[in-house]
Amino acid sequence: MTIMATKCPDYKVTVVDISEERINAWNSDKLPIFEPGLLERVLKARGKNLFFSTEIDRCIDEADIIFVSVNTPTKMFGEGAGKAVDLQFIEQTARRIKENAKSNKIVVEKSTIPVRAAETLAKILHSGNNSVQFEILSNPEFMAEGTGVRDMEAPDRILIGSMDTPSGLAARNILMDVYLHWVPKERLITTNLWSSELSKLVSNAFLAQRISSINTIASICEVTGADVTEVSRAVGMDSRIGAKFLNAGPGFGGSCFRKDILNLVYLCEYYQLNEIAAFWEQVVTLNDYQVERYVKRILQAMFNTLVGKKLAVFGFAFKPDTGDTRDAPAIYICKRLLEEKAFLNITDPHALNNARKDLQDIEEGVDFIEDPYQAVEGAHGIALITEWASYKKLDYQKIFDKMEKPAFIFDGRNHLDHKALYEIGFNVYPIGKPALKHL
Ligand code: UGA
C-alpha cells in the first residue's frame, strides 16, 4: 500500500488494523517490520496520501476499493486441521465490511486464500439487505520479503481475477487503472476469479518444489563427490529450467510456502485427487527431511555428540534482509541442537527479538548475542543458517582464533569462501559438496 500511495499521488490510501500497537508503529519512525527501502517511502507518503489508522469502520465506509490483507494461517483445529486454511479472519472482515459499507465497494482479496474463497466472501457480502453492491476481485500478491519494495515497484506481473460479468469487468478495469500508474500494461494479467486464486498457490508450490528438488540433489552430491552449486549452474543455464530458486540450503522457511502447499494438498484431498495430494505433500516432507539432515551432519561431524559443546548460530531469519522468523528452519534446527544438549549462541542482525520469542519456552542452553565475534567466543562450531551479506565480510581468522579446536563450520547456504576457511584451519561442511576437513 505504501508503494501504491507513492506511485498514485491522486489516490488516498489508508491502512487499517485492529492492533493499535502496530498502527502506532507504522505512524512512528520505527516500523513494525524491517524491509529495505520501505521506511524512506513511508516517510515520503505518510500524512500526504498514506495514512495508518485503527478507525476501521469509518475507513470501510469512506473507501471505494478495499484490499483484504488479513492473515490466513493453517487451521490448527477441527476439520482440515494442519492443512486447511483458517478463514475466520477473512469471514470477520467480510462481516465488518458488510456492516459498515453505505456505498458500493470493490473488495479485493489480497490475502492468499483457498480456491473459491471469493464465493464465501461473496455470500457474506451479498446476504440480507442488498442496497449496497459489492464486486469481488482476486489480486494475489507475489512479492517476497526482503525484496518487497523492488518486487512491488517493478513486478514480474500483476494478476487480477474477476467475474466475467459487466460489473465484474468494470471493477477489474478500475483496479487495473490503479496499477497502470506504474506497471506496464503487458505485465497486467487478467483471469477469472478461480484461476487467479489457484495461480497464487501454484506459484508458491512450484517455487518450493524447486527448492526441495535441489535439496534432494544436494544429498546425492554429498555422497558422490558432485558439487550442488556446479550442478545447479549447469542445469539452470537451460533456459527452459532457469537459474533462480536452485540454491540448496537447510530447507525453506517463511510464512507462505508450507502453508500454501498444505492448502493445495487439502484442496486435492477434498476433491479426492489423492495421488496429486501425495505428490505435493512430498515437497513439505522433503523440506522437513532436509532440516533434519543438516542437524545430523553437524552431529556426525562433531563425533556424534554435542553434549556440552557450544555452537554459534549465524542467522535466524528465514532469509536475509528481513527480521521475520516465521517457520524459519533455524527454529527447528536450534530446537534439535538443544535436544542434543548443545549450548547455542544465536546471532542475527535483525531477527534476535523474534528468535527470543520463538525459543521462549527453552529455559537454558541458549544465548542471544548481537555481535558475531562475541557469539563465537569459545564455540566448537558455527552453524550458518541465514546468508546475511555481512557474514561474508567477517574476519574468519579472528573468529577461528576465538574458537575451541578442532573448529567446525557448517555453511547451510554455501555462502562463504570454503577454501579460505579451510586454509585458516576450519573443518568446513557445506551443503551438497564434500566436506573440507583436517581431521
Ligand atoms: C515467497 C514467494 O517467493 C513470493 O513470490 C510470495 O509472494 C511470498 O512467498 C508470499 O506468498 O507471500 P518469501 O516467503 O518472502 O516469498 O521468500 P522466498 O524468497 O520465496 O524464500 C522462501 C524460503 O526459501 C527462504 O527460507 C529461502 O531461504 C528459501 N530458498 C529460496 C532456498 O532455500 N533456496 C532458494 O534457491 C531460494
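The values are calculated or read from the model by the stated rules, or taken from the named source; none is laboratory data. Fair warning: this is a prediction, and the values are worked out from it, not measured in the lab. Here Cβ is always computed from backbone atoms with ideal geometry, including for glycine, and neighbour counts include all displayed protein chains. Each accessible area value is taken on the protein alone, full model and side chains, heavy atoms only, with ligands, DNA and RNA left out. Shrake-Rupley method; radii C 1.70, N 1.55, O 1.52, S 1.80 Å.
So, of the residues in the stretch 8-50 that are open to solvent by 70 Å² or more (accessible area, probe 1.4 Å) and outside any loop (DSSP other than H, G, I, E, B), which turns out to be farthest from Thr147 (Cα to Cα)? Before the answer, list the steps.
Just the residues of the stretch 8-50 that are open to solvent by 70 Å² or more (accessible area, probe 1.4 Å), to begin with: 9-12, 18, 20-22, 24, 27, 29-30, 33-34, 40, 43-44, 48.
Those left that are additionally outside any loop (DSSP other than H, G, I, E, B): 20-22, 24, 40, 43-44.
Details: Glu20: 27, Glu21: 25, Arg22: 21, Asn24: 24, Glu40: 15, Leu43: 18, Lys44: 19 Å.
Among those residues, the one meeting the criterion is Glu20.
Table: residues versus (1) under 18 Å from Pro430 (Cβ atoms); (2) open to solvent by 60 Å² or more (accessible area, probe 1.4 Å).
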residue: Arg297; (1), (2): yes, no
residue: Asn304; (1), (2): no, yes
residue: Leu311; (1), (2): yes, no
residue: Phe318; (1), (2): no, no
residue: Ala328; (1), (2): no, no
residue: Tyr332; (1), (2): no, yes
residue: Thr347; (1), (2): no, no
residue: His350; (1), (2): no, yes
residue: Asn353; (1), (2): no, yes
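In the stretch 220-243, what residues are in contact (Cβ under 8 Å) with a residue 24 or more places away in the chain and either within 24 Å of the chain's Cα centre (by Cα) or open to solvent by less than 10 Å² (accessible area, probe 1.4 Å) (or both)?
Result: Cys221, Val228, Thr229.
Go over the candidates Leu359, Leu394 one by one and state the one that is closer than 18 Å to Ala328 by Cβ, open to solvent by less than 50 Å² (accessible area, probe 1.4 Å) and not basic (Lys, Arg). Spell out how you get there, then give the answer.
Values: Leu394 fails: closer than 18 Å to Ala328 by Cβ.
Exactly one residue qualifies, and that residue is Leu359.
Assuming Gly412 fulfils every condition listed in (1) away from the ligand (no atom under 16 Å from the Cβ); (2) within 23 Å of the chain's Cα centre (by Cα); (3) of a type in the set (Gly, Ala, Ser) apart from one, which condition is it?
(1)
Tell me whether the stretch 197-216 contains one or more residues that are open to solvent by 50 Å² or more (accessible area, probe 1.4 Å), free of Cβ contacts under 8 Å to residues at least 40 places away in the same chain and more than 16 Å from the ligand (Cβ to nearest atom).
no
List the number of the failed condition for Val313; all other conditions in (1) within 16 Å of the ligand (Cβ to nearest atom); (2) in contact with a Pro (Cβ under 9 Å, 6 or more places away or on another chain); (3) not hydroxyl-bearing (Ser, Thr, Tyr); (4) not in a helix (DSSP H, G or I) hold.
That leaves (2) as the condition not met.
I need every pair where a residue in the stretch 248-275 that is over 29 Å from Thr229 (Cβ atoms) and without any contact (Cβ under 8 Å) to a residue 40 or more places away in the chain has its Cβ under 7 Å from the Cβ of a residue that is β-branched (Val, Ile, Thr) and more than 7 Å from the ligand (Cβ to nearest atom), sequence separation at least 6 or different chains.
Cys268/Ile276
Please verify whether Asp151 is under 25 Å from Thr112 (Cα atoms) and more than 16 Å from the ligand (Cβ to nearest atom), treating the condition exactly as stated.
So Asp151 does not fit the description; no.
Determine, yes or no, whether Ile346 is at pLDDT 95 or above and either part of a helix (DSSP H, G or I) or more than 22 Å from Lys402 (Cα to Cα) (or both).
Here the answer is no, as Ile346 does not meet what is asked.
Return the pair list, or none, for Cβ contacts closer than 8 Å from residues in the stretch 54-68 that are outside any helix (DSSP H, G or I) to residues that are open to solvent by less than 60 Å² (accessible area, probe 1.4 Å) and of a type in the set (Asp, Glu), at least 6 apart or on different chains.
Cβ pairs passing all conditions: Thr54/Asp17; Val68/Glu109.
Just for the stretch 322-343: of the residues that are free of Cβ contacts under 8 Å to residues at least 40 places away in the same chain and in contact with a strand residue (DSSP E or B) (Cβ under 8 Å, 6 or more places away or on another chain), which one is farthest from Lys309 (Cα to Cα)?
Top of the filtered list is Cys334.
Give, as residue ranges, the helices (runs of 4 or more DSSP H) completely inside the stretch 223-306 that count at least 2 residues that are within 13 Å of the ligand (Cβ to nearest atom) and basic (Lys, Arg). Show your work before the answer.
On the way: elements: 228-236, 257-270, 274-301.
Qualifying helices (runs of 4 or more DSSP H): 257-270.
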